[in-house]
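What follows is a single structure, written as structure tokens, with notes after it.
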Amino acid sequence: MTYKITQDLLTPNPYSRPKDKLKGVRGIVIHWVANKSSSAKANRNFFENRKSGNSGYGSAHYIIDLDGSVIQCLPDAEVGYHVGSHVYTAHALNRLSSYPNNCTIGIELTHTDWEGRFTKDTYDSALELAVKLLKKYGLDENDLWLHHTVVGWKDCARWFVNNNSEWVKFKTKAGEMLRGKADLNKEVDTKDMEYVSADKDGYYTIKNGDTFWGLSQALDVDVKTIEKLNPKLDAKSLKVGQKVKIKETKVAPKPVPAKPSTPAKKGDMKTTSIVTFLQSIGENSSISNREKLAIKFGIQGYKGTAEQNLKLLDLMRKGVSPTPPKVSVPVTSSGIKVIGKIKIVGVTNAAVIQNVPDRKVSKSVGTIAKNSTIEIAGSVKGNNNVQGYWEVIYKGKRAYVSAQFGKLL
């Protein structure tokens, strides 16, 4: 088939079309839109609406619709925000740069379900467009990347990530279309991570291709903060080997010795009446106030009995530190203890809820919309995700959400 391409460029803005120029094209990156059965136009408009700054950064150069038609959102020569990350695979760092957004073109594919399956039209157009771009920039099938193989943790494009043979087949077909035969490199082990991080003194050493904006995304630091910490550095002429201050390092304060518990105010030390004692120290002696004091001093179920009054009187005279009331831990109907909630962030529309904490073998048991909250029972290391997983409570059962998509409330 021959795809139809419509140019519908995004409005220039800091969040989806910064109009920065690519430093050459070293790779073509394939994505899924992570929103089943949605149209290319709807996803293009989502990128456009990022210009408000309310939904973070993100964009791609092309989006392929379910019928195979293509929308171009960015000129090939401009930077798109499609592979920003806190971490990249060693392979990506070696072949692309420490900030791959500045040397790659992103293609988003629509899909029919949450497994990420593509229509034949979408698949065929993606293959044709990818091959066209490879030819244009003198690249080959080994310069095709998944978002996953660039960053190592994101399951994008999900169908190819979970069905590696299909990805190999896609690249093989690309090679055959380019030269009549394919010559694939050995598949990359994407567990081989290299973290972008500041040293113990808060400095980062500039590598080829680094920018303040790229560092802000990789290290989760605002660009203005980096500029403020480096007033003598010119962001437009960074040099390899330069030290950039990323964060302030504070000297740990000296521990302050704990103050001894304050003894009770000196009052009537002879009386056996809690009411008289409270009055002698200028404290409210009403039953309601005594109930509050009883709770503070760990006396449960205070009813004002003689025994309870004598106990409260004794504790107040001794100046015993009040015992905070015990906080009960919520428990679900299935007996799972709730330790808090997370808010879903960092996704286009929704995060996938997995049945096990392992990206490669898990099955989707549902989804949770962006900005929604869900109760958690803890967090686990799991497999195939450097950031781990939140153990969530979904329909009364334990399930899992990738850690990077949940913000603890």
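The values are calculated or read from the model by the stated rules, or taken from the named source; none is laboratory data. If you're wondering where the values come from, they're calculated on a predicted model, not measured in any experiment. Note: ideal-geometry Cβ built from the backbone for every residue, glycine included; neighbour counts use all protein chains shown. Each accessible area value is taken on the protein alone, full model and side chains, heavy atoms only, with ligands, DNA and RNA left out. Shrake-Rupley method; radii C 1.70, N 1.55, O 1.52, S 1.80 Å.
Look through the stretch 39-57, keep the residues that are surrounded by fewer than 18 Cβ atoms within 10 Å (Cβ to Cβ) and basic (Lys, Arg), and return whichever of them is nearest to residue 142 (Cα to Cα).
41
Just checking: which of the strands (runs of 3 or more DSSP E) contained wholly in the stretch 106-206 hold 3 or more residues that are surrounded by fewer than 19 Cβ atoms within 10 Å (Cβ to Cβ) and of a type outside the set (Val, Ile, Thr)?
The qualifying strands (runs of 3 or more DSSP E) are 193-195.
Residue by residue, here is whether (1) touching a helix residue (DSSP H, G or I) at 6+ places or on another chain (Cβ under 9 Å); (2) open to solvent by 20 Å² or more (accessible area, probe 1.4 Å) holds:
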| site | (1), (2) |
| --- | --- |
| 10 | yes, no |
| 16 | yes, no |
| 22 | yes, yes |
| 37 | no, yes |
| 59 | yes, no |
| 95 | yes, yes |
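Give the residues of the stretch 1-31 that are at pLDDT 95 or above, more than 23 Å from residue 137 (Cβ to Cβ) and not β-branched (Val, Ile, Thr), sorted by residue number.
12, 13
So, in the stretch 343-398, how many residues would count as being open to solvent by 30 Å² or more (accessible area, probe 1.4 Å) and assigned to a strand (DSSP E or B)?
Residues that pass the stated criteria total 14.
So residue 88 clears everything in (1) of a type in the set (Ser, Thr, Tyr); (2) under 21 Å from the mean Cα position of the chain (by Cα); (3) surrounded by fewer than 19 Cβ atoms within 10 Å (Cβ to Cβ) except one condition, right? Which one?
Of everything listed in (1) of a type in the set (Ser, Thr, Tyr); (2) under 21 Å from the mean Cα position of the chain (by Cα); (3) surrounded by fewer than 19 Cβ atoms within 10 Å (Cβ to Cβ), residue 88 misses just condition (3).
What number goes with the only condition from (1) out of contact with any helix residue (DSSP H, G or I) (no Cβ under 7 Å at 6 or more places or on another chain); (2) at pLDDT 65 or above; (3) part of a loop (DSSP other than H, G, I, E, B); (4) surrounded by 10 or more Cβ atoms within 10 Å (Cβ to Cβ) that residue 232 does not pass?
(4)
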